Amino acid sequence: ELSARGSFDGRFELPAQPPLGTWQLIATLDGKRHAGQFKVMAYVKPEVKLTVRLDEQTARSGEALSGEVEGAYFFGAPYSGAEVKITVTRTRFYIPWYIDADYGWYYSEAEYRNTQREVISEQTCTLGDDGRCPFELMTKPGSEDFTYVVEATAVDPTGKTVTGSTTA
């Protein structure tokens, strides 16, 4: 039965072990068919976790940003030999003028641009026997303040992509 706004709801329970793949629900209302799809996928727990640690918790424009990526199996052993892609992005740290003003609805194009991420470095390294890989890069010089995000990406033994990140 349709509501006053033309919507309806219902309930459908999947079996305890549903077949994996794309499922489709079809509802017929007033002679019209309405359909929706969803996917049922198996959850596979990742075998590995990546942790990104920085030597300093803050970074200033024009200074070095250094740290290490550590890969480890969830049972504790180091994840060695994996190639890791390290991507560093920065976002302008900016507090809009209208935060304490009566014009909180206003968001200019320039302020929107300040929220966009800029990739400043991409590099790869291989995790050593201890599951670690150090990195260092120079941030771009300038007088503006930025928030930096360091993200590490690798592939675990099952072929699943795993990521770890931190912020400075």
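The values are calculated or read from the model by the stated rules, or taken from the named source; none is laboratory data. Not measured: the values here are computed from a predicted model. Counting neighbours? That spans all protein chains shown, and the Cβs are built from the backbone with ideal geometry, glycine included. Calculation scope for accessible area: heavy atoms of the full protein, side chains included, ligands and nucleic acids excluded. Shrake-Rupley method; radii C 1.70, N 1.55, O 1.52, S 1.80 Å.
The slack between VAL40 and ASP130, meaning 0.36 nm per residue of separation minus the straight C-alpha distance, is 28.7 nm. When the chain is treated as a Gaussian network with alpha carbon springs shorter than 10 Å, the biggest mean-square fluctuation among ARG60, ARG132, ARG11 belongs to ARG11. Given the options PHE146, PHE93, PHE38, state which has the largest fluctuation in a GNM of the chain using a 10 Å cut-off (strictly under) for Cα springs. Maximum among the listed residues: PHE38. Label separation (ASP145 vs GLN123): 2.7 nm, computed from points 7 Å beyond Cα along the C-beta direction. Note on Kirkwood radius over Cα pairs in Å: of the candidates (1) 17.0; (2) 18.4; (3) 20.5, the value calculated from this structure sits at (3).
Distance between the pseudo-spin-label points of PHE93 and TRP23 (7 Å out from Cα toward the beta carbon): 4.7 nm. Note that the chain presents 71 Å² accessible area per residue, ligands and nucleic acids not counted, probe 1.4 Å. Heavy-atom surface analysis with a 1.4 Å probe gives the chain a carbon and sulfur content of 48 percent of its accessible area.
Its DSSP H runs of at least 4 residues, each contributing -39,500 (n - 2.57), put the calculated 222 nm mean residue ellipticity of the chain at -500 deg cm²/dmol, to the nearest 500. With the charge dipole of the chain set up from +1 on Lys and Arg Cβ and -1 on Asp and Glu Cβ about the Cα centre, the Cα lying farthest toward the positive end among the listed residues VAL150, ALA42, THR167 is that of ALA42. Within the listed set LYS85, LYS140, LYS32, the residue fluctuating most in the Gaussian network model of the chain (springs between alpha-carbon atoms under 10 angstrom) is LYS32.
Of all lysines in the structure, those lying under 23 Å Cα to Cα from LYS45, and not within fewer than 8 positions of it along the same chain, are LYS85, LYS160. Across segment 1-101, Cα pairs under 8 Å and at least six residues apart give a relative contact order of 15 percent. Distance between the modelled labels on ASP9 and LYS160, one decimal in nanometres: 3.2 nm (7 Å Cα→Cβ projection).
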